[in-house]
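K.L.:
Before anything else, here's the structure in question.
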Amino acid sequence: MRLLLVLVNYNGSGLTIDCLRSLAPELAKLPGVRVAVCDNGSEAGEVERLADAVVELGLSDRVDLRAVRCNQGFTGGNNVLIREALASSTPPDAVMLLNNDTLVCPGAIVELVRFLESHPDVGLCGSRLEHPDGESQRAARRFITAASEFEAYARIGVISRLLSSWLVAPPESGSSIPSRCGWIPGAALVVRTEVLRTVGLLDEGLYTYFDDVDYCFRARRAGWPTWYVPTSRIVHLVGKTTHITEAQTRPRRRPAYWFAARRRYFLTNFSAPYAAMADLAAIAGLVLHKTRVFVQRRPDPDPPMLLRDLARHSVLVTGFRRRPVDNPLTGAPVVSSAEQVTVC
């Protein structure tokens with residue numbers, strides 16, 4: 001099987017190099033696997049550091065490096081690489097989205113290739129994601145819905161039990177047998193080329209967030225469910241790339257583009273009334289949580305101004321027109337252009 005692994009780097013060459021180093025043993029076992037890295041408008045010196053590392057790791061014949069002048073977001077940066085691969089004379093059989101803040105455990109890519117080769121009817125699959133201590137990140141997820149938003153923001157035991165069938169990240173069964181799920185995070189998600197040609201590329205209108213659940217939702221609607229392969233293990237250093245969900249005393253305030261991507265996800269995949277219901281469910285759940293925190297005098301674990309930001313970015317305030325997320329670096333929607341791509 002010809003598999004292309006795509007990584008996006010934005011001012012994170014140290015992470016990207018560590019990821020490539022963890023990939024080297026897998027590449028030695030799988031001659032049909034290649035890697036493409038897109039430097040996504042990083043500061044001066046990043047591309048040179050990546051190019052030097054590729055040579056030092058002995059991966060010059062397996063890793064292609066591209067650079068774009070302006071940050072295209074996670075979706076745009078990946079699409080630069082995917083678009084080029086699909087247009088080549090020998091396109092890959094599948095493409096794997098791999099975050100640069102991941103470390104590939106021994107056998108992880110081998111397991112995914114083996115699964116796809118033995119299940120030709122499967123269009124998407126992904127790995128078990130775990131923290132450095134081995135704790136699972138519950139990568140086999142259910143789709144984000146109004147019910148799941150209420151549960152996720154309320155965080156009250158009785159509500160979570162009543163809505164257990166709508167938990168986005170349910171507890172793992174512990175089984176090593178692959179299983180169907182709603183979606184897998186884009187930190188380690190494989191998509192067959194046939195699916196990419198049928199469903200299309202990642203939605204660049206999302207910029208960076210909600211792209212994985214959105215893509216798996218679109219694929220499911222086109223008849224391609226997603227599968228979870230727990231024997232493929234990948235360490236995900238959560239939030240190291242964006243610093244939005246990085247573990248710390250208290251998360252920093254969520255940026256406007258996170259809320260804009262959430263809004264676009266609901267307006268793309270559901271009706272306008274449903275998007276409004278999801279917003280109301282999230283706000284109601286968060287009000288319950290804040291009330292409980294206040295009454296019990298507990299520390300507030302949420303990002304600053306979360307309730308205000310949820311309300312301010314709600315479709316009830318911003319309207320129901322589906323809009324692309326503005327690039328936070330330019331203040332305008334991402335515009336992809338082949339002219340911006342440099343072969344390194």
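The values are calculated or read from the model by the stated rules, or taken from the named source; none is laboratory data. Predicted model only: the values in this text are computed from it and were never measured. Reconstructed Cβ throughout: ideal geometry from the backbone, glycine too, with neighbour counts over all protein chains shown.
K.L.:
Does Ala94 satisfy the criteria of being modelled with pLDDT of 95 or more, within 15 Å of the chain's Cα centre (by Cα) and within 28 Å of Thr268 (Cβ to Cβ)?
P.N.:
Considered against the rule, which asks whether it is modelled with pLDDT of 95 or more, within 15 Å of the chain's Cα centre (by Cα) and within 28 Å of Thr268 (Cβ to Cβ), Ala94 comes out as no.
K.L.:
Within segment 85-110, work out how many residues are over 25 Å from Gly14 (Cα atoms) and out of contact with any Pro (no Cβ under 9 Å at 6 or more places or on another chain).
P.N.:
8
K.L.:
Out of segment 28-40, which residues are crowded, with 21+ Cβ neighbours inside 10 Å and either farther than 13 Å from Val54 by Cα or of a type outside the set (Gly, Ala, Ser) (or both)?
P.N.:
Once the filter is applied, which keeps residues that are crowded, with 21+ Cβ neighbours inside 10 Å and either farther than 13 Å from Val54 by Cα or of a type outside the set (Gly, Ala, Ser) (or both), segment 28-40 yields Val33, Val35, Val37, Cys38, Asp39, Asn40.
K.L.:
Suppose we keep only residues that are among the β-branched types (Val, Ile, Thr) and more than 16 Å from Pro251 (Cβ to Cβ) within segment 279-318. Which one would you say is surrounded by the most Cβ atoms within 10 Å (Cβ to Cβ)?
P.N.:
Ranking the candidates gives Val315 first.
K.L.:
While we're on this one: Take Leu86 and decide whether it is surrounded by fewer than 20 Cβ atoms within 10 Å (Cβ to Cβ) and assigned to a helix (DSSP H, G or I).
P.N.:
yes
K.L.:
Read through the list (1) more than 25 Å from Val235 (Cβ to Cβ); (2) touching a strand residue (DSSP E or B) at 6+ places or on another chain (Cβ under 8 Å); (3) free of Cβ contacts under 8 Å to residues at least 60 places away in the same chain, then give the number of the only condition that Ala85 fails.
P.N.:
(3)
K.L.:
Next question. Considering each of Ser164, Ser160 in turn, give the residue that is closer than 28 Å to Arg254 by Cα, surrounded by fewer than 14 Cβ atoms within 10 Å (Cβ to Cβ) and either free of Cβ contacts under 8 Å to residues at least 24 places away in the same chain or not small (Gly, Ala, Ser) (or both).
P.N.:
Only one candidate passes the filter, namely Ser164.
K.L.:
With respect to Tyr215, determine if the residue is in a loop (DSSP other than H, G, I, E, B), within 14 Å of the chain's Cα centre (by Cα) and buried (at least 19 other Cβ atoms within 10 Å of the Cβ).
P.N.:
no
K.L.:
When you go through (1) polar (S, T, N, Q); (2) surrounded by 21 or more Cβ atoms within 10 Å (Cβ to Cβ); (3) assigned to a loop (DSSP other than H, G, I, E, B) one by one for Asn79, which number turns out not to apply?
P.N.:
With respect to (1) polar (S, T, N, Q); (2) surrounded by 21 or more Cβ atoms within 10 Å (Cβ to Cβ); (3) assigned to a loop (DSSP other than H, G, I, E, B), Asn79 is out only on (3).
K.L.:
Under 8 Å by Cβ, and 6 or more places apart or on different chains, what pairs join a residue from segment 41-54 that is in contact (Cβ under 8 Å) with a residue 24 or more places away in the chain and over 24 Å from Val334 (Cβ atoms) with one that is surrounded by fewer than 16 Cβ atoms within 10 Å (Cβ to Cβ) and hydrophobic (A, V, I, L, M, F, W, C)?
P.N.:
If the second residue must be surrounded by fewer than 16 Cβ atoms within 10 Å (Cβ to Cβ) and hydrophobic (A, V, I, L, M, F, W, C), the pairs left are Ala51/Cys344.
K.L.:
Which of the residues spanning segment 67-116 are among the β-branched types (Val, Ile, Thr) and over 24 Å from Gly331 (Cα atoms)?
P.N.:
Across segment 67-116, the qualifying residues are Ile82, Thr90, Val95, Thr102, Val104, Ile109, Val110, Val113.
K.L.:
Next up: Is it fair to say His131 is exposed (fewer than 15 other Cβ atoms within 10 Å of the Cβ), of a type outside the set (S, T, N, Q) and closer than 16 Å to Val191 by Cα?
P.N.:
So His131 does not fit the description; no.
K.L.:
Specify which of the listed residues (Gly41, Gly77) is within 20 Å of Asp214 (Cβ to Cβ) and either among the basic types (Lys, Arg) or out of contact with any helix residue (DSSP H, G or I) (no Cβ under 8 Å at 6 or more places or on another chain) (or both).
P.N.:
The unique qualifying residue is Gly77.
K.L.:
Inside segment 101-142, can you point out the residues that are assigned to a helix (DSSP H, G or I) and small (Gly, Ala, Ser)?
P.N.:
Residues satisfying the conditions are Ala108, Ser118.
K.L.:
For segment 10-35, which residues satisfy the criterion of being part of a loop (DSSP other than H, G, I, E, B) and either in contact with a strand residue (DSSP E or B) (Cβ under 6 Å, 6 or more places away or on another chain) or not aliphatic (A, V, I, L, M) (or both)?
P.N.:
If the condition is that a residue be part of a loop (DSSP other than H, G, I, E, B) and either in contact with a strand residue (DSSP E or B) (Cβ under 6 Å, 6 or more places away or on another chain) or not aliphatic (A, V, I, L, M) (or both), then Tyr10, Asn11, Gly12, Pro31, Gly32 are the ones that fit.
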